[in-house]
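Following: one structure in structure tokens, then a few remarks.
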Amino acid sequence: MFRYLNNARTERRSKRQIDYTKGGTLLHKSIEQRQWKSVLSRMQHCPHEISTYVYRIAADTKDAHYQYNVLPLHSTCMRKPPALVVSALLSAFPEAATIKCDGNLALHFALQCGASLDVIQTLILANPKCLKEQDDKGNSCLQIFESHQQNWEDEIERSSIWNVVKQGVDSIVLEKTSSSDSHNKKMDSEKKNPHDMMTTINEEGWKKAGLSVVVVGASGDLAKKKTYPSLLHLFDDNLLPEDTVIYGYARSNMTNEDLRAKLRPYLENSDCSKEVVDTFLSKCFYVKGGWYGDIDAFATLNQELSANEDRLSSKLEHNRLFYFAIPPNVFEETGVAIKQKCMSDNGWTRIIVEKPFGRDLQSCEELLATLSKHFSEDQLFRIDHYLGKEMVQNLLVLRFGNIMFENIWNRDNVQCVMLTFKEPFGTDGRGGYFDNYGIIRDIVQNHLLQVLTLLAMEPPTKADGPESGESIRNAKVNVLHAIPPITLDECFLGQYEGYTDDETIKNKDSNTPTFVVIRCFIHTPRWAGVPFIFKAGKALNERKAEMRIQFKDAPAASFMFDDKCPRNELVIRMQPNEAIYWKTNVKSPGFSGAPVQSELEVNYNTRFFNNSGQNDVNPDAYTRLILEVLRGRSAAFVREDELRRSWAIFTPLLHKIENEKIRPIIYKRGTRGPPQADDFIREKSGYVRNEDYKFFSDSIESKTPKKQGKATADIGVYGLSVMGQNFALNISSHGFEVCVGNRSPQKVDSTVRRAEAEGKLPITGAYSPEDFIRKLKRPRKVILLVQAGNPVDASIKKLSKFMDKGDIIVDGGNEWYPNSVRRAEGLLSKGIHFAGMGISGGEEGAREGPSLMFGGPKTAFSELETILTSCAAQSKWGPCFGYCGPIGSGNYVKMVHNGIEYGDMQLIAEVYDVMKHVLELSNAEMSKIFASWNQGRLESYLIEITASILAREDDITHKGQVVDYILDKTGSKGTGKWTVQEAAEVSVAAPTIVGALDARYLSSRKDERVAASKILEGPPITLNGSKANLIQDLEKALYAAKICSYAQGLSIIKMASDEKDWKISLAESVRLWKGGCIIRARLLNQIQAAFTMNPDLANLLLDPSIALEINSCITSWRNIIITCANSGIPVPSLGGSLSYYDSYRCSSLPANLTQAMRDYFGGHTYKRIDRDGVFHTSWTDSHKDIGNISERTKGEL
């Protein structure tokens, strides 16, 4: 069957072959990818390819014009093939055994590349004289074998091959091997299990080769939320080569460990075990570039990739996959860098490109040109993730694998086809992007149009396998060419109410549509006259994407059943809950004989996964598509001619809408869209909606309104700024169902969307206060995270009207504690518990685990303890969540925490000022010093981030560090001021915190300071001693001042607690600060120990161990203050801390003179050191008797 060509015909065919870099035969592609089943299949269907040469540019030569040609047999022998494949090739074209390609026989390639004994014997038997032939370097077969014998690990096989090569054909009949038998058994096994996917993949060449994946844009959301999780799923399912490495490339300044830390939260939300995640992360590395086209950075990346490939020298090929998770405007520079520095030398290089692929035909052409200059179409894989969805990929089998569907899939039976995309949320968070593209570009021109081509195309010659890609895409392009450009009269536009309220949308008069209905026709014999309807919208009543084919009325049914026979529909649900259901008519149950519509349904989750008895899950689209790229299968990717034609269909419409500023119809959020759209669809398509139809399936959501279900949320988070969103995601990631609400519904949408993207976390949205409360389990637990002040009162008023006795409201904002006390008293009459809870840790802490300081009823604390313990920061001293005391105490502890934070930051800034202006250190030098301090007793979050900040390069200018471009004006939100006010209320000195607040106020007077610098004189900078000594002094001064800052803050808490009888444990408060919060530091261990040993300690400085620490720093501390005074460097907090220390340690202060002056001018009296009582002096003749002294001195300290 395979004997086909003579040498003359072979010569004729060789002349018309194309350059391999632009294609090659499909047989060659299958061979190169070691898809041996496909090779055998291709040989049967296209036997002429067996004798076809493929021209290739040599990979190991600098001469770009040097080429060689290979036959399929020779290419096969380079790849350790099964003997069955070699035998089939020789049987079809025996002359191939005698032909040299680039100076080598097939046997020479087999010996060079470690082919099996069976293969070598087969080649020798086909051409016994080949053993006397030399290769292109003049080596005999025996010499080739001896120089490559390390390729055979089995000693028996190696010895047998040596014997065969040395003795020749006569020795073959004497050899008995088991390898042939075992291989034949393997082939037989595969024939018995044609659907064993893992077996097939494991036999493909890429799976046995080395693989390096490079995620370009590794620090972005797409990479973290989609690319890396999909690679993890492939790794977990053993669908990556064994020694795969994954490199991230971006501009962010990160280490390997930094990247792994950023990825971990997104990977741990998967179904993979911690061990799998840890192993996967150990394969992830990072290379930083100055920009995406940084040639030097890609050269460094290439060195690391090559070093890893050299380590895997046993692999015959090393492939490289680049995933572009970057915007299109940097595609070209990135492509140039990869082409110049990072292409694989001995394997394939493939590029995955993400949308958008332009915004009209012209921009698409430009984008295609930028990449086609550097890569062939075979190397580019343009992702449209809809082509990876289960039900989209199912279309080929559904249509062409079932005779009943293909027979009715035409204009004779189909009334219309509707492709629908609906989202219940708006654009919040990506409004800036969306407003530049709109719903037509974002959804219709790519996702839905791709689905339409698969739905409407003619049968491809192949629907599966490596050769199916071109046949499927050819069929899709034919559909596109049959669709004329869309005109405005075939289009209905809508925009949801409040669209431009999105802060990221700059044009408040935007006419960008968020809803569209479009009709088009496909002018082919199959579909002529059938309307195809695209319907897509945001902020609608449900989340859904589906294909709906409505068939024509059954002949004469209206007569037989008195106009009561609805039309059949085939619905293919893409999301959520992938399903196929056929709306069919059956007899009404009971006595009636009228037809009623029901469903024949297949739900993928319930049919194939939920009841499988295993932990199977349906792989997501990105995971499927990355695997398809690895396998070299192009069917699920968009070809360049598809892109051009799709833009040609939509560009005229898009330009008309934008140039003529066509206004969309406004519709309300949460509806089906503009009511007029239904009339438009009816008129344009002839679609008839069955209003009586109710869908009762448990597995697919009903179309009719549901009755109110029972409350399922464990807790509610109301207020969805970044802190609120992150805290809700944090709670839900620990397994608790969270209901989220917000005054602006866009924030609800974005939170629900983030929950879906970050691992389908259990978060549900509510769009009204009543709905929000109704979704909470009793007793309802609500955490408010809205702006302090009036917004808190307004939120409580809206929510509490739907709450009952025993329910709980917790304010998690930075609130002034008397407001919490007032609110608790106001809610007491309704029996609603109210608490104030300080939350520290910033946006990152809210997501990963904050410090939580709870103040309120213990009943409320007990109800929330399980949830909040889980989501708080976890330190080795326990979760950083605890009970501070009654209402107000939690706010108070958090307020003082923020005051200490003010002081701590100012101390670090003053040390930085000395380093910069006195020591004249560079940012890099300062960063190293702070990093080294963070390894010692100064270890803290603020020291850690200072080192990072000083090292961070500027992303805008790419010149120097970003800190040098930041204006020297520090903002404040009030908690520092509250701390200073409260320190005065409870008569506690807090000069470190006061100095920090004063420094912020002075920094805001930038213009005044600039003017003052021109007329007010200061001393020259003076450096006494060595830089090294001064750096040591700075470390000690910072440490001592830091102790004073904590001492002042804790004294404020102690005085307030004693005064208000809160009974706050200072040791417990300090423990809560040891993880998750901004002021976490190693020093807190000693502070906690001090108050644990002596809970009644009047001041931290009185603890012996603390006193010992601070006394060891005093000389250096004073030296720094002197240096700063001599150099004119302002140090209000370093200096204030030293003054506090000196004042506190002095047994005698000059306050006697101050009190004397008070008595002199105001009659304020004084006490004496030599006797008891209160006294007043008549300092002059004009001073008179002051009367009752006790009345006079009331209120004095």
- Item | Tilt relative to the chain, helix 83-92 - C-alpha long axis, 0 to 90 degrees, to 10 | 40
- Task: At a Cα cut-off below 22 Å, give the lysines reachable from Lys208, other chains included and same-chain residues fewer than 8 away excluded.
- Result: Lys29, Lys37, Lys80, Lys185, Lys186, Lys191, Lys283, Lys315
- Message: For the stretch 64-165, report the % of Cα-Cα distances exceeding 21 Å.
- Response: 26
- Message: As a test of understanding, state the convex hull volume per residue of the stretch 992-1109 from its alpha carbons, in Å³.
- Response: 169
- For Lys1006, list the aspartates and glutamates whose Cα falls under 19 Å from its own Cα; do not include residues on the same chain fewer than 8 positions away. Glu910, Asp913, Asp964, Asp968, Asp998, Glu1017
- Task: Please report, in debye to the nearest 20, how large the charge dipole of the stretch 990-1081 is about its Cα centre when each Lys and Arg carries +1 at its beta carbon and each Asp and Glu carries -1 there.
- Result: 300
- Item | With all protein chains modelled, accessible area of Val980 [1.4 Å, Å²] | 40
- Message: Treating the stretch 821-922 as a set of equal point scatterers at the Cα positions, no solvent, please give the Debye-formula log₁₀ I(q)/I(0) at q = 0.09, 0.10, 0.20 Å⁻¹.
- Response: -0.34, -0.40, -1.01
- Treating the Cα atoms of the chain as identical point scatterers in vacuum, please give the log10 of the normalised Debye intensity I(q)/I(0) at q = 0.04, 0.05, 0.06, 0.09 Å⁻¹, two decimals. -0.32, -0.49, -0.68, -1.22
- Using the beta-carbon distance between Gln874 and Ile966 and R0 = 30 Å, what value does 1/(1 + (r/R0)^6) give for FRET efficiency, to the nearest 0.05? 0.35
- What are the ³J(HN,Hα) values, in whole Hz, obtained from phi via the Karplus relation 6.51 cos²θ - 1.76 cosθ + 1.60 with θ = phi - 60°, for each residue of the stretch 120-129 in sequence order, with x given for Gly and Pro? 5, 4, 4, 5, 5, 5, 6, 8, x, 6
- Length-normalised contact order of the chain in % [C-alpha pairs under 8 Å, at least 6 apart]: 6
- Note on the structure: Beyond 18 Å, the calculated P(r) of the stretch 260-306 holds a percent of Cα-Cα pairs equal to 45
- Query: Tally Lys and Arg at +1 and Asp and Glu at -1 over the other residues with C-beta under 10 Å from the C-beta of Glu332: what net charge comes out?
  - Reply: -1
- With no solvent and one equal point scatterer per Cα, compute the Debye intensity ratio I(q)/I(0) for the stretch 466-591 at 0.13 Å⁻¹ and report its log10, rounded to two decimals. -0.89
- Item | Calculated P(r) tail over 20 Å for the stretch 906-999, as whole % of Cα pairs | 49
- Task: Assuming 0.692 mPa s and 37 °C, estimate D for the stretch 293-437 with Stokes-Einstein, Rh taken as the Kirkwood radius over Cα pairs, in µm²/s.
- Result: 171
- Message: Rounding to the nearest 10 and keeping the result within 0 to 90°, find how far the Cα-based axis of helix 390-400 lies from the longest principal axis of the chain.
- Response: 20
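Order Asp553, Asp1007, most accessible first, counting only protein heavy atoms with a 1.4 angstrom probe.
Solvent-accessible surface, decreasing: Asp1007, Asp553.
Charges only on Cβ, +1 for Lys and Arg, -1 for Asp and Glu: so what's the dipole of the chain about the Cα centre, in debye to the nearest 20?
Rounded to the nearest 20 debye, it is 2100 debye.
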- Would you work out the charge dipole size for the stretch 230-312 about its Cα centre, treating the Cβ of every Lys and Arg as +1 and the Cβ of every Asp and Glu as -1, and quote it to the nearest 20 debye? 340
- Greater than 31 Å apart at Cα, pairs in Lys422/Lys508; Lys274/Lys1074; Lys373/Lys508; Lys552/Lys668: Lys373/Lys508; Lys552/Lys668
- Helix-only CD estimate at 222 nm, as mean residue ellipticity for the chain, using -39500 (n - 2.57) per DSSP H run (n ≥ 4): -13500 deg cm²/dmol
- Task: Divide, for the stretch 252-378, the radius of gyration over alpha carbons by 2.2 N^0.38 Å, where N is the residue count.
- Result: 1.20
- Item | Protein accessible area in the chain, 1.4 Å probe - carbon and sulfur % | 51
- From the square roots a ≥ b ≥ c of the eigenvalues of the alpha-carbon gyration tensor of the stretch 491-536, which class results: rounded (a/c under 1.5), prolate (a/b over b/c), or oblate? prolate
- Accessible area per residue in Å² at 1.4 Å probe, computed on the chain: 45
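The values are calculated or read from the model by the stated rules, or taken from the named source; none is laboratory data. It should be emphasised that the depicted structure is a prediction, and the values quoted were computed from it without experimental measurement. Here the Cβ is made from the backbone with ideal geometry for all residues, glycine too, and neighbour counts use every protein chain on show. Quick note on the areas: whole protein, heavy atoms, side chains included, nothing else; ligands and nucleic acids left out. Shrake-Rupley method; radii C 1.70, N 1.55, O 1.52, S 1.80 Å.
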